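The values are calculated or read from the model by the stated rules, or taken from the named source; none is laboratory data. Remember, predicted model here, so these are calculated numbers, not experimental data. Heads up, the Cβs are rebuilt from the backbone with ideal geometry, glycines too, and the neighbour counts pull from every protein chain shown.
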Amino acid sequence: MENFLKRILGTLLLATCISSASAAQSTFASDPAVIDFARDMEQRHGFNADAMLKQFGQTGPNAKVLQLIKPPASPTQRSWERYRPRFLNSIRIDGGVRFWQENRTALTRARAMYGVPEEMIVAIIGVETVYGQNTGSFSVMEALATLAFNYPRRADFFREELEQFFLLARENNMEATGIKGSFAGAIGIPQFMPGSQRRYAVDFDGDQRVDLSNSIEDAIGSVARFLEQHGWQAGQPVAVPAQVNGEPDRTLIEAGIRPSLKAADLAQRGISGNVDSEATLTLIDLVSPGRATEYWLGYENFYVITRYNRSSFYAMSVFQLAEEIRKRQQEN
């Protein structure tokens, strides 16, 4: 009996040791690429590599992040009919009106400084996080490290964002391991990636730090500055519906999202809208399976919205949500 118990205890001890070793190996700190990253951060930016590796030793690759970032095995066909209601709904429209009313002063100041209308700032925040309600619960450090060192397809991009993240945390005196965000590493009320936050975010509430997770004013000012820095044209239109005779030439769609088509040339090819004949535009196709494609003519400001998210569906959702919020706000 005594020998049996010793064997059982020995087996349990061995299992514990194996489990501990496995756990140690599964942390980022044991990954040679992470060690090289920490040493590089020390050499180029003055971080303490050993301290960074200690932080990396507290976590490891997140399987959920890898699951969420991967394209679907069987991608569904693009559908504007399905996409639009996700953002054009009462939650975001009513919430946007309330958000505008509660933050009127900051929104007015942002428009005056950066030329971006209030409704556009509100709509982006509404689409991104429902006005700060859904900012993400993932550890940003863990998510970015997972994608930087375990997702080869976009490893270079996420390694750069991880570098930007550590610089951001240091500049704002934040504990890197405590910052939460999306599974892709986007942070705060407007969901800025770390690099975008360092390049475009502003201290709009005057407290000497940029805090997109807790300061609505910082979020408002930062969204406005992001758009302004990407070429927002104050007082200019975003998009107008297009009238199309027949099926448009595919080369017009393939010309890209950046406006490059002259309105007069489009008119000669059966595509018109409420635009000046000298305007430079892009032709936007909002497709839905089994339904006629919806066409719009986009200006430079439409292109600027796509710098926030490269999808034309996204940009059109932001624009249409902004228009609905503006109309409702004027009624109040």
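Just checking, which of K6, K64 is part of a helix (DSSP H, G or I) and modelled with pLDDT of 50 or more?
Testing whether each residue is part of a helix (DSSP H, G or I) and modelled with pLDDT of 50 or more leaves just K64.
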Could you check G185 against (1) assigned to a loop (DSSP other than H, G, I, E, B); (2) surrounded by fewer than 24 Cβ atoms within 10 Å (Cβ to Cβ) and say which number it fails?
(2)
Would you confirm whether or not region 98-108 contains a residue that is among the β-branched types (V, I, T) and part of a helix (DSSP H, G or I)?
yes
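Within region 253-280, track down each residue that is closer than 28 Å to P190 by Cα and either buried (at least 20 other Cβ atoms within 10 Å of the Cβ) or not hydrophobic (A, V, I, L, M, F, W, C) (or both).
Within region 253-280, G256, R258, P259 qualify.
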Mind checking which helices (runs of 4 or more DSSP H) fall wholly inside region 206-294 and carry at least 2 residues that are more than 29 Å from G132 (Cβ to Cβ), over 31 Å from the mean Cα position of the chain (by Cα) and modelled with pLDDT of 95 or more?
263-268
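A quick yes/no check of all residues on (1) in contact with a Ser or Thr (Cβ under 7 Å, 6 or more places away or on another chain); (2) touching a residue at least 24 places away in the same chain (Cβ under 8 Å); (3) at positive phi; (4) surrounded by fewer than 20 Cβ atoms within 10 Å (Cβ to Cβ):
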| site | (1), (2), (3), (4) |
| --- | --- |
| Q208 | no, no, yes, yes |
| A224 | no, yes, no, no |
| Q229 | no, yes, no, yes |
| Q233 | no, yes, no, yes |
| A239 | no, yes, no, no |
| N245 | no, yes, no, yes |
| D249 | no, no, no, yes |
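Looking at region 299-311, can you tell me whether even one residue there is in contact with a helix residue (DSSP H, G or I) (Cβ under 9 Å, 6 or more places away or on another chain), of a type in the set (G, A, S) and not in a strand (DSSP E or B)? Give the derivation first.
Keep residues of region 299-311 that are in contact with a helix residue (DSSP H, G or I) (Cβ under 9 Å, 6 or more places away or on another chain), which gives 301-309, 311.
Filter once more, so that each one left must be of a type in the set (G, A, S): 311.
Still in the running and not in a strand (DSSP E or B): 311.
Among the residues of region 299-311, at least one is in contact with a helix residue (DSSP H, G or I) (Cβ under 9 Å, 6 or more places away or on another chain), of a type in the set (G, A, S) and not in a strand (DSSP E or B), which makes the answer yes.
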Pull up region 89-126, narrow it to residues that are β-branched (V, I, T) and crowded, with 23+ Cβ neighbours inside 10 Å, then point me to the one that is farthest from K64 (Cα to Cα).
V116
For region 143-179, enumerate the residues that are within 17 Å of L212 (Cα to Cα) and part of a helix (DSSP H, G or I).
E161, Q164, F165, F166, L167, L168, A169, R170, E171, A176, T177, G178
